[in-house]
Amino acid sequence: MKQLPKKRWLLHGKKAFYYFATIVGVICAYYFNSSQIERAEETVKGISLGMYISFNLSMILSLILSFQAKNWNLILQFLAWVLGGIILICFVFLRVEDYSWLVMDTIILSCALSGLIFTIARSFIKHVNFFRDSATKGLNGIFLKSIPQFGLGILMIIQGSGEGLTFVAIFVGHVSILMRLIIIWSEKKNRERWVRRADEWNLISWAFVTLVWVIKEVL
């Protein structure tokens, strides 16, 4: 049997990993949102609709970029997150009577939207593509994911509980973030350093949420 050159082996391995990452991403989206919907029927203490909305805005931007790049692996992943997120947000808004919009929701969403307005203005001033510029994508990730997640952790501290957040959501959140970081770290493109930094802050902020959740719900 003729052996494939090393570069072709690496190429095939990379493609296989991307397919694997797509499957994992869709599964993570399903279990994160479905577990949170199920838990919301019992309690919403320690969750933030502001964080959910901010995160979903980030997924919508990523989905638009994926369509522009015609990357079907990413389209499937982000579409799963967007659809699941919309269902989760609508469920909490319309079906959960115990939930009331919190001051922290306003703070989280205000920070996220202010950051989004900033990156839109920056893209016009610097004449860069809002969806493709590395710094813009990275800043959007920080404003729409990392900062809201820090806000969620602070909310759990204030409320003294993380009951509304499931172990499944915590776990698949880390899996999803790590899968994306593995892909970004393997590419080693200097032009994507802002994206890498944003995902690293995403990991740090979710680790903060995890730490607070463990202290409040496990220890």
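The values are calculated or read from the model by the stated rules, or taken from the named source; none is laboratory data. If you're wondering where the values come from, they're calculated on a predicted model, not measured in any experiment. Note that each Cβ is placed from the backbone with ideal geometry, even for glycine, and that neighbours are counted across all protein chains shown.
Can you confirm whether A112 is crowded, with 18+ Cβ neighbours inside 10 Å, of a type in the set (G, A, S) and either in a loop (DSSP other than H, G, I, E, B) or modelled with pLDDT of 95 or more (or both)? For A112, the condition - crowded, with 18+ Cβ neighbours inside 10 Å, of a type in the set (G, A, S) and either in a loop (DSSP other than H, G, I, E, B) or modelled with pLDDT of 95 or more (or both) - is met. Scanning the stretch 158-179 for residues that are assigned to a helix (DSSP H, G or I), surrounded by 15 or more Cβ atoms within 10 Å (Cβ to Cβ) and in contact (Cβ under 8 Å) with a residue 40 or more places away in the chain turns up Q159, V168, A169, I170, V172, G173, V175, S176, M179.
Among residues of the stretch 128-157 being more than 11 Å from V212 (Cβ to Cβ) and out of contact with any helix residue (DSSP H, G or I) (no Cβ under 6 Å at 6 or more places or on another chain), the one that is surrounded by the most Cβ atoms within 10 Å (Cβ to Cβ) is D133.
Quick one: would you say S58 is over 28 Å from I23 (Cβ atoms), under 18 Å from the mean Cα position of the chain (by Cα) and either surrounded by 16 or more Cβ atoms within 10 Å (Cβ to Cβ) or small (G, A, S) (or both)? Judged against the criteria, S58 is not a match.
For the stretch 123-134, the condition holds for at least one residue, the condition being that it is under 19 Å from W201 (Cα atoms) and touching an Asp or Glu at 6+ places or on another chain (Cβ under 9 Å). Exactly one residue out of F78, F67, F130 is within 19 Å of V195 (Cα to Cα), in a loop (DSSP other than H, G, I, E, B) and either of a type outside the set (K, R) or touching a residue at least 12 places away in the same chain (Cβ under 8 Å) (or both): that is F130.
Quick check on the stretch 81-104: of everything there that is surrounded by 12 or more Cβ atoms within 10 Å (Cβ to Cβ) and among the β-branched types (V, I, T), which residue is nearest to M59 (Cα to Cα)? The qualifying residue nearest to M59 (Cα to Cα) is V82.
Among residues of the stretch 194-219 that are touching a residue at least 40 places away in the same chain (Cβ under 8 Å) and among the hydrophobic types (A, V, I, L, M, F, W, C), those with a Cβ under 6 angstrom from a residue that is buried (at least 17 other Cβ atoms within 10 Å of the Cβ) and outside any helix (DSSP H, G or I), sequence gap 6+ or separate chain, pair up as W213/G162; W213/L165. For the stretch 205-219, name all the residues that are hydroxyl-bearing (S, T, Y) and modelled with pLDDT under 95. Of everything in the stretch 205-219, nothing turns out to be hydroxyl-bearing (S, T, Y) and modelled with pLDDT under 95.
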